[in-house]
Structure formats: C-alpha cells, structure tokens
Amino acid sequence: MTTASALALAFVVYSCKSNLSEAEKLDLSVTPLQTVDSMFFVQTENGRLKMRVEAPRMEAYEFDTLSYDLFPAGIHVYAYADDGALETTIVARKARHDKYPRRKDDELWSVFGDVVVRNILRQQTMETDTLYWDSKTHEIWTDCYIKLSSPDGFMQGIGMRSDDMARNAILMDPFDNEFLMNQDTTKVVIDTVNFIGPLLKKL
C-alpha cells in the first residue's frame, strides 16, 4: 500500500467516526422526523368538504407509544356545515396533534395562545388561552378563563364544554356576566363569509 492510499483510508475512517459521533449526539426526542412548510390539508366526508387546516410550519415526531405533530408558528382551522357553508373557525398561535398508535382512531388536538373560536352562522366568538378537541367524541373544551360574545350578550368564566362546531358552548363556572337586554328583533344579520349575492327587495 502506498503512502497516499494509506492516508486516504485513514481520512475515510476518521470521517466516518466523526459522522457517527455527531449522530450519537442527536437527540431524537427533540428532533422532528419531518418538517413541512406552508402546510395545507383538507378532510372530506362522503365527498363533502368538512375541514381545512393551514399552518406556516408543521414538525412531526414519532415514538413507540405516541406520535405527534407540532405547529410552532400558529394554525388556522376552518370547519364546514353539511350544506358546505363555512361555519366555524379556530385560530391559535401554537398547536399540537397527538396520535396513539396502540389505540386506533384515538387522537387529541390542543391549541394554545390567543385562541379564537368563531361560529360564523351563529355570530358567536369565544376567546381563551388553551383549547382541546377530541375528534372521536366531537367535543371541544377548556379549563381556562374564557370569554364568549354573541348578538345576545357577553359572558365570561372558567371552563367550557361544547360540540366541535361550537354550536352549544356551555360555560362551566360563569361570573360577572353582562347581557344586552334590549335587542332589535327586526335587525337583519348578513353572513358576510358565506354571502354569495345581493339581497333582492320584495315588491
């Protein structure tokens, strides 16, 4: 073996050892298996659009008993009624989606930071810091402080339970509520999100 060949072999061995040592330092518990920028996905049911999710970034982590996706730069969720109208939106600064491989169809969504839930059709808005969604039971809930406002008034309290379309939100421990007692029942409320044309004046 020539001197040049020996040096080349020594360099390859040294390089492999260096790469292995760097790999050994890699902590898989904090290193995502996959990252996706400008993430976008839709969920359909019987050919109808049910949900649309958008996020600037998604990080996927996978372990033996748990895998989860993180959304560190925020998330927007859009849920649609059976007739195709956009009914509910959820916006948050961060989110996490937990999946349990050993428990089929068992998963949990969590959203954090300036969480705003709007039911557009009912003109209702909920604001809180943390919200959970169980896709199996179709429920959303929080144990944090929450504000709920609608054309009928304003409520606040600790904890909330509702279906996942935010149609029947119930505050668990309400306090210091102020309601708008006088409401114009002849007022026409236009859904500006799903509005598709001008209102025709009856003759």
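The values are calculated or read from the model by the stated rules, or taken from the named source; none is laboratory data. The structure presented is a predicted model; accordingly, all values stated were derived computationally and were not measured. Don't worry about glycine lacking a Cβ; one is built from the backbone with ideal geometry, like all the others, and counts go over all protein chains shown.
Which members of the stretch 53-80 meet the condition of being under 13 Å from the mean Cα position of the chain (by Cα) and surrounded by 17 or more Cβ atoms within 10 Å (Cβ to Cβ)?
VAL53, ALA55, MET58, TYR68, ASP69, LEU70, PHE71, GLY74, ILE75, VAL77, TYR78, ALA79
ASP191 is checked against (1) exposed (fewer than 13 other Cβ atoms within 10 Å of the Cβ); (2) within 27 Å of the chain's Cα centre (by Cα); (3) modelled with pLDDT under 90; (4) not hydrophobic (A, V, I, L, M, F, W, C) and fails just one. What number does that condition carry?
Looking at each condition in turn, ASP191 falls short on (1).
Got a number for residues in the stretch 65-102 being closer than 15 Å to VAL36 by Cβ and in contact with a Gly (Cβ under 7 Å, 6 or more places away or on another chain)?
0
If a residue must be touching a residue at least 24 places away in the same chain (Cβ under 8 Å) and of a type in the set (Phe, Trp, Tyr), how many such residues does the stretch 119-154 contain?
Residues in the stretch 119-154 being touching a residue at least 24 places away in the same chain (Cβ under 8 Å) and of a type in the set (Phe, Trp, Tyr): 3 in total.
Would a scan of the stretch 98-106 turn up a residue that is in a strand (DSSP E or B) and either more than 29 Å from GLU62 (Cα to Cα) or among the hydroxyl-bearing types (Ser, Thr, Tyr) (or both)?
no
For every residue, the table says whether it meets (1) out of contact with any Lys or Arg (no Cβ under 9 Å at 6 or more places or on another chain); (2) in contact (Cβ under 8 Å) with a residue 12 or more places away in the chain; (3) over 17 Å from GLN43 (Cβ atoms).
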| position | (1), (2), (3) |
| --- | --- |
| GLY74 | no, yes, yes |
| TYR78 | no, yes, no |
| THR89 | no, yes, no |
| TYR100 | yes, yes, yes |
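With the requirement that a residue be more than 21 Å from LEU86 (Cα to Cα), at pLDDT 95 or above and more than 13 Å from the chain's Cα centre (by Cα), what does the stretch 100-128 give you?
THR128
Let me confirm something: among THR89, THR137, which residue is assigned to a loop (DSSP other than H, G, I, E, B) and of a type outside the set (Gly, Ala, Ser)?
The match here is THR137.
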